[in-house]
Amino acid sequence: MGRADVYLQPHAPDPVLSDELIVRLTRRHVSNVDHVTGVDESGGEARAYLVDDTIVVKTQRPHRLRPRTSLAKEAYLLDALAEPLSGWIPRLLGYDRTDTDQGPVEYLCMTRIPGNASLDAAAQPDLLAELGALLRRLHATSVDISRLPTDNDAAALRNRFEHGFADIADGFSLVPLPLPLNMVISRSLAALPETLIQAPALLHSNPGPTHAFVDPGTGQLTGLIDFGDSYAGHPALDLHRWPDPADRILLRHAYLDGAVPAREFHQIWTVAMICTDLAVIARGASHTEAATADLALRLEDL
């Protein structure tokens, strides 16, 4: 759990809703549905019920309710992004909070993005090119940021990184690091800009392998899911969520599309890369060697 995250009702019951209830809720928005075809709990904060394999009913898990994530926010964003990102995100079918025979339920009803999570798409540069272009369009879309958590200034940005580094530091109790962790963190924080020129943009928050979906046959991007953690902040913060540093670099190139990044963008992206490198090393994941080498490069670039 992130240090910025506080679960508001950690002991609340978390029952799996009956198939009959899920079908009833879905039929409020789509009349011709038949049955639940699967349940996905991999999201943590929410539980996703698949209906007829084409519709997702996403419910808030009561014990995982936290201030920065919200199904209501996600419903607003899916509606606001329906035209500019048409075909690339789920289509909103309905949102409600309602009392049921199984207790109060908050839910989001939407179409299902085809394909699978791109968990092993490292060899698919076309996917990262498409995702970079999609994120560029997302960040350029105007929404009401008063409805979103927002990093308004350099102090808020620094606070976000401080929380992130603190969480990662907890994971190094049993994992050796080739460099002193406190030095890495202090140098990274010192490299952040003292003021921000870039206005906050709408960010997905985690457009990585778990949320970027691909066609399993072609490896092409089919869409981006889960806007529950979206917030307004610096665009560079949406470009570092892939475990392999090479993928993060390809994504940045695709996002910039030949443009030369401003110094502020490069500073924040570099610190974000260090943050992800440390997270990968702490997990002992398959990209540990590459992340260790990238960490040294990014520190030289500070």
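The values are calculated or read from the model by the stated rules, or taken from the named source; none is laboratory data. In this text the structure is predicted, and so the values were computed from the model without any measurement. Here Cβ is always computed from backbone atoms with ideal geometry, including for glycine, and neighbour counts include all displayed protein chains.
Report every pair of residues separated by at least 6 positions or lying on different chains whose Cβ atoms are under 8 Å apart, first residue within the stretch 85-99 and in the same structural domain as Lys58 (by TED's automatic domain parsing), second among the basic types (Lys, Arg) and in a loop (DSSP other than H, G, I, E, B).
The qualifying pairs are Pro90/Arg112; Gly94/Arg28; Asp96/Arg28.
Does Leu157 meet the test of being surrounded by 14 or more Cβ atoms within 10 Å (Cβ to Cβ) and either among the small types (Gly, Ala, Ser) or within 30 Å of Pro216 (Cβ to Cβ) (or both)? I'd like the intermediate steps shown before the answer.
Numbers: surrounded by 14 or more Cβ atoms within 10 Å (Cβ to Cβ): yes; either among the small types (Gly, Ala, Ser) or within 30 Å of Pro216 (Cβ to Cβ) (or both): no.
No; evaluated as a whole, the condition is false for this residue.
Surrounded by fewer than 16 Cβ atoms within 10 Å (Cβ to Cβ), assigned by TED's automatic domain parsing to the domain that holds Gly228 and not basic (Lys, Arg), is that true of Gly164?
On the way: surrounded by fewer than 16 Cβ atoms within 10 Å (Cβ to Cβ): no; assigned by TED's automatic domain parsing to the domain that holds Gly228: yes; not basic (Lys, Arg): yes.
No.
Would you mind finding the one in Ala282, Ala212, Ala232 that is farther than 30 Å from Tyr76 by Cα and in contact (Cβ under 8 Å) with a residue 24 or more places away in the chain?
On the way: Ala212 fails: farther than 30 Å from Tyr76 by Cα; Ala232 fails: farther than 30 Å from Tyr76 by Cα.
Sole residue among the options that is farther than 30 Å from Tyr76 by Cα and in contact (Cβ under 8 Å) with a residue 24 or more places away in the chain: Ala282.
Restricting the search to the stretch 84-101, which residues are surrounded by 13 or more Cβ atoms within 10 Å (Cβ to Cβ) and among the acidic types (Asp, Glu)? Give the steps one after another, and end with the answer.
Taking the stretch 84-101 and keeping what is surrounded by 13 or more Cβ atoms within 10 Å (Cβ to Cβ), we get 84-85, 88-96, 100.
Correct list: Asp96 only.
Would you please name the residue that is nearest to Pro90 (Cα to Cα), looking only at residues in the stretch 185-232 that are of a type in the set (Val, Ile, Thr) and part of a loop (DSSP other than H, G, I, E, B)? Walk me through how you get there before you give the answer.
Looking only at the stretch 185-232, we keep the residues that are of a type in the set (Val, Ile, Thr), and these are 185, 195, 197, 210, 214, 218, 222, 225.
Next, only the ones that are part of a loop (DSSP other than H, G, I, E, B) stay: 195, 197, 210, 218, 225.
Numbers: Thr195: 36, Ile197: 32, Thr210: 15, Thr218: 20, Ile225: 7 Å.
Looking at residues that are of a type in the set (Val, Ile, Thr) and part of a loop (DSSP other than H, G, I, E, B), I get Ile225.
Within the stretch 252-298, which residues are among the basic types (Lys, Arg), farther than 24 Å from Ala129 by Cβ and at pLDDT 95 or above? Full working, then the answer.
So the first thing to find is which residues in the stretch 252-298 are among the basic types (Lys, Arg), and the list is 252, 263, 283, 298.
Of the ones still in play, those that are also farther than 24 Å from Ala129 by Cβ are 263, 283.
Passing the criteria: only Arg263.
Examine the stretch 171-191 for a residue that is hydroxyl-bearing (Ser, Thr, Tyr), outside the structural domain of Arg27 (by TED's automatic domain parsing) and buried (at least 18 other Cβ atoms within 10 Å of the Cβ), and state whether such a residue exists. Working first, answer last.
Pass one, the stretch 171-191, residues hydroxyl-bearing (Ser, Thr, Tyr): 173, 186, 188.
Those left that are additionally outside the structural domain of Arg27 (by TED's automatic domain parsing): 173, 186, 188.
Subsequent filtering for residues that are buried (at least 18 other Cβ atoms within 10 Å of the Cβ) retains 188.
Within the stretch 171-191, one or more residues are hydroxyl-bearing (Ser, Thr, Tyr), outside the structural domain of Arg27 (by TED's automatic domain parsing) and buried (at least 18 other Cβ atoms within 10 Å of the Cβ).
Limited to the stretch 22-54, what total is found for residues that are aliphatic (A, V, I, L, M), part of a strand (DSSP E or B) and without any contact (Cβ under 8 Å) to a residue 60 or more places away in the chain?
Residues in the stretch 22-54 being aliphatic (A, V, I, L, M), part of a strand (DSSP E or B) and without any contact (Cβ under 8 Å) to a residue 60 or more places away in the chain: 4 in total.
Looking only at residues that are of a type in the set (A, V, I, L, M) and not in a helix (DSSP H, G or I) in the stretch 158-184, which one is nearest to Ile268 (Cα to Cα)?
Of the stretch 158-184, the ones of a type in the set (A, V, I, L, M) are 166, 168-169, 174-175, 177, 179, 181, 183-184.
Narrowing further to those that are not in a helix (DSSP H, G or I): 174-175, 177, 179.
On the way: Leu174: 28, Val175: 26, Leu177: 23, Leu179: 21 Å.
Result: Leu179.
May I ask you to list the residues in the stretch 271-290 that are more than 20 Å from Glu162 (Cα to Cα) and either surrounded by fewer than 16 Cβ atoms within 10 Å (Cβ to Cβ) or of a type in the set (A, V, I, L, M, F, W, C) (or both)?
Start the filter on the stretch 271-290 by keeping residues that are more than 20 Å from Glu162 (Cα to Cα), which leaves 284-290.
Within the stretch 271-290, Gly284, Ala285, Ser286, Glu289, Ala290 qualify.
In contact with a strand residue (DSSP E or B) (Cβ under 8 Å, 6 or more places away or on another chain), crowded, with 21+ Cβ neighbours inside 10 Å and in the same structural domain as Thr150 (by TED's automatic domain parsing) - does that describe any residue in the stretch 242-261?
In the first step, residues of the stretch 242-261 are kept if they are in contact with a strand residue (DSSP E or B) (Cβ under 8 Å, 6 or more places away or on another chain); the result is none.
Taking every residue of the stretch 242-261 in turn, none turns out to be in contact with a strand residue (DSSP E or B) (Cβ under 8 Å, 6 or more places away or on another chain), crowded, with 21+ Cβ neighbours inside 10 Å and in the same structural domain as Thr150 (by TED's automatic domain parsing).
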